[in-house]
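Visitor: I am attaching a structure below and will ask some questions about it afterwards.
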Amino acid sequence: MQFIPKDEVARLTPYGALIQSLAKGLREPIESPPRSHFNPNHDASTVLIMPAWRPNRMMGTKIVSIWPENNARGKPAVSAVYVLTSCEDGTTLAVIDGTELTLRRTAAAAALAARLLARPGSTRLAVLGTGALSAHMAMAHHSVFKLSETVIWGRQLDKAQAVVDELAKVGIAARATTNLESTLAAIDIVAAVTTATAPFIRSEWVKPGTHLGLIGAFTANMAEAEPQLLPGVRLFVDTREGVLQKGGEVWQALRAGLISEADVRGELTELLASSPHMTGRSSEQDITVYKSVGFAALDLIAAEHVLQGFTPLPAPALMAYPATTSVPTGQKPPSKTDSPR
């Protein structure tokens, strides 16, 4: 069994390669039941268990812990671990940092959807939100499009600037803003990655031709865009089952009678299949929307990608200096704490 930490997950999932793996992997059958939801403290503390598998090949199980009060304690509110199991003999193949895996697969899937739905000549990106996903969204979209402008929007300018500074470290030039209306007026692709419970993207601010990825709101009582926007767009989802049950804007628009389930034109897998009946963008003026709440198949494909590229330290390395042998001058015996694994 291997343990694959955060830094290794990041190293092994450059966005171009990860997006290609998702595009290929989603064309193949993956089985996944609905996620299980538990409240061990009988409060807002939540544990989610999300399994997916390919029969006779591999099974992955993500365990996600959501502890909202951790924000006040200076600790992460969300953390996750991912366990890969062999479907051939039941052995545990790897335990992977699930938090980094989730961030990267979410950003990669959104960029993949944008590649399928945005105008091909799109050059301007706006990322709405300043949380952990923000920089990842920018990096993933830069791997797909030749972007000349990247804008990070946030309610607090200093937080938006912090994301801009983080992107500068990887060679992506961006600017920070708190003016959403003017930002949306001059943007081709929008990726919203907040946990908003009240819509802040107004319908009249989204101009024709825009592609809008609604990624952050993942429960029925959350929303980033006004539900009133949806009747006039071409709407696509990561999975119908997930979004119809808990995709905030879509769920709310359905309950208000603004749209019907038939207005969901397709899933991500259907767009990738390129079937004759499935058309993403029909004109340059279409507003396309991709609504995502996440699904377990993405985790499994990303974890398979990580495991395939992972090279563990050879076991004999820990025995480099037997107890009966003196240690060369200036060196020390390797220990468990020296190992990056």
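Visitor: Which angle from 0 to 90°, rounded to the nearest 10, does the C-alpha axis of helix 98-117 make with the longest principal axis of the chain?
Guide: Result, in degrees: 40.
Visitor: Helix 157-168 versus the longest principal axis of the chain: what angle, 0 to 90°, nearest 10, using Cα atoms?
Guide: Value to nearest ten degrees: 60.
Visitor: Then there is this: Please give the FRET efficiency for N41 paired with F200, using the beta carbon to beta carbon distance and R0 = 25 Å, rounded to the nearest 0.05.
Guide: Efficiency, rounded to the nearest 0.05: 0.25.
Visitor: With all protein chains present and a 1.4 Å probe, how do K291, K246, K169 order by accessible area, largest first? Numbers along the way, then the final one.
Guide: Working: K291 0, K246 45, K169 175 Å².
Highest to lowest solvent-accessible surface, that is K169, K246, K291.
Visitor: At a threshold of 8 angstrom on Cα-Cα distance, excluding pairs fewer than six apart, so keeping six or more, what relative contact order does region 107-294 reach in percent? Before the final figure, lay out each step's value.
Guide: Numbers: 423 pairs, mean separation 41.5, N = 188.
Relative contact order comes out at 22 percent.
Visitor: Quick one: which residues, 5+ away or cross-chain, put their amide H under 5 Å from the amide H of I287? H built at 1.01 Å from N.
Guide: Excluding prolines and chain starts, which carry no amide H, the hits are G209, R234.
Visitor: Running Debye on the chain with equal point scatterers at the Cα sites and no solvent, what base-10 log of I(q)/I(0) appears at q = 0.14 Å⁻¹?
Guide: Rounded to two decimals, the profile gives -1.16.
Visitor: For region 75-141, what is the convex hull volume of the alpha-carbon atoms per residue, in Å³?
Guide: Per residue, the Cα convex hull of region 75-141 comes to 115 Å³.
Visitor: Another question about this same structure. Can you work out the Karplus-derived ³J(HN,Hα) for every residue in region 2-9? Use 6.51 cos²θ - 1.76 cosθ + 1.60 with θ = phi - 60°, whole Hz, and x for glycine or proline.
Guide: Result, rounded to whole Hz: 10, 9, 10, x, 3, 4, 5, 4.
Visitor: If you put +1 on each Lys and Arg Cβ and -1 on each Asp and Glu Cβ, how big is the dipole of region 107-294 around its Cα centre, in Debye rounded to 20?
Guide: In debye, rounded to 20, region 107-294 gives about 200.
Visitor: What list of whole percents do you get for P(r) of region 107-294, with Cα-Cα distances grouped in 5 Å bins up to the one holding the largest distance?
Guide: Answer for region 107-294: a P(r) of 1, 9, 18, 23, 22, 15, 8, 3, 1, 0 percent.
Visitor: Let me know the charge dipole size of the chain about its Cα centre in debye, to the nearest 20, where only the beta-carbon of Lys, Arg (+1) and Asp, Glu (-1) is charged.
Guide: Charge dipole, the chain, about its Cα centre: 440 debye, nearest 20.
Visitor: Relative contact order (percent) for the chain, with alpha-carbon contacts under 8 angstrom and 6 or more residues of separation?
Guide: 17 percent
Visitor: Further, regarding this structure: Mind putting a number on the dipole of region 36-158 about its Cα centre? Charges go on the C-beta only, +1 for Lys and Arg and -1 for Asp and Glu, and I need it in Debye to the nearest 20.
Guide: On the way: 12 positive and 8 negative charges, 100 e Å.
Result for region 36-158 is approximately 480 debye, rounded to the nearest 20.
Visitor: Leaving out ligands, DNA and RNA, what percent of the accessible area of region 107-294 is carbon and sulfur, probe 1.4 Å? Present the calculation step by step, with values, prior to reporting the outcome.
Guide: Values: 3750 of 7540 Å².
The C+S portion of the solvent-accessible surface of region 107-294 is 50 percent.
Visitor: While we're looking at this one, here's another question. Note the direction-averaged projected area, equal to a quarter of the hull surface, for the Cα convex hull of region 103-185, in nm². The partial results should precede the final answer.
Guide: Numbers: hull surface 20.0 nm².
Reported value for the Cα convex hull: 5.0 nm².
Visitor: Here is a further query. How would M58, M137, M1 rank on accessible area, largest to smallest, probe 1.4 Å? Each step should come with its number before you reach the end.
Guide: Values: M58 40, M137 0, M1 155 Å².
Correct descending sequence by accessible area is M1, M58, M137.
Visitor: Still on this structure, I have one more. Would you work out which of I66, C87, L12 lies farthest towards the positive end of the dipole of region 7-88, given +1 charges on the beta-carbon of Lys and Arg and -1 on that of Asp and Glu, about the Cα centre?
Guide: The one lying farthest along the dipole's positive direction is L12.
Visitor: Can you tell me the accessible area per residue over region 107-294, all protein chains present, probe 1.4 angstrom, in square angstrom?
Guide: Value for region 107-294: 40 Å² per residue.
Visitor: Which residue fluctuates the most in the chain, going by a Gaussian network model with Cα springs under 10 Å, if the choices are A186, A111, A72?
Guide: Of A186, A111, A72, the most mobile in the Gaussian network model is A72.
Visitor: Further question on the same structure: If each DSSP helix of 4+ residues adds -39,500 (n - 2.57) and the sum is divided by the residues in the chain, what number results at 222 nm, nearest 500 deg cm²/dmol? All intermediate terms of the calculation are to be shown ahead of the outcome.
Guide: Details: 11 runs with 105 residues, N = 341.
Result for the chain: -9000 deg cm²/dmol, rounded to the nearest 500.
Visitor: Taking Cα atoms, how many degrees apart are the long axis of helix 132-142 and the longest axis of the chain, rounded to 10 and kept between 0 and 90?
Guide: 80 degrees
Visitor: Now for a different question. At a threshold of 8 angstrom on Cα-Cα distance, excluding pairs fewer than six apart, so keeping six or more, what relative contact order does region 54-179 reach in percent?
Guide: Relative contact order, region 54-179: 16 percent.
Visitor: With respect to the cross-link table entries K6/K146; K75/K169; K146/K169; K24/K246; K62/K169, which display a Cα-Cα separation exceeding 22 Å?
Guide: K6/K146; K75/K169; K24/K246; K62/K169
The values are calculated or read from the model by the stated rules, or taken from the named source; none is laboratory data. Note that the structure is a prediction, hence the values are computed from the model and not measured. Heads up, the Cβs are rebuilt from the backbone with ideal geometry, glycines too, and the neighbour counts pull from every protein chain shown. When the accessible area is computed, the model is the full protein with side chains, heavy atoms only, and any ligands, DNA or RNA have been set aside. Shrake-Rupley method; radii C 1.70, N 1.55, O 1.52, S 1.80 Å.
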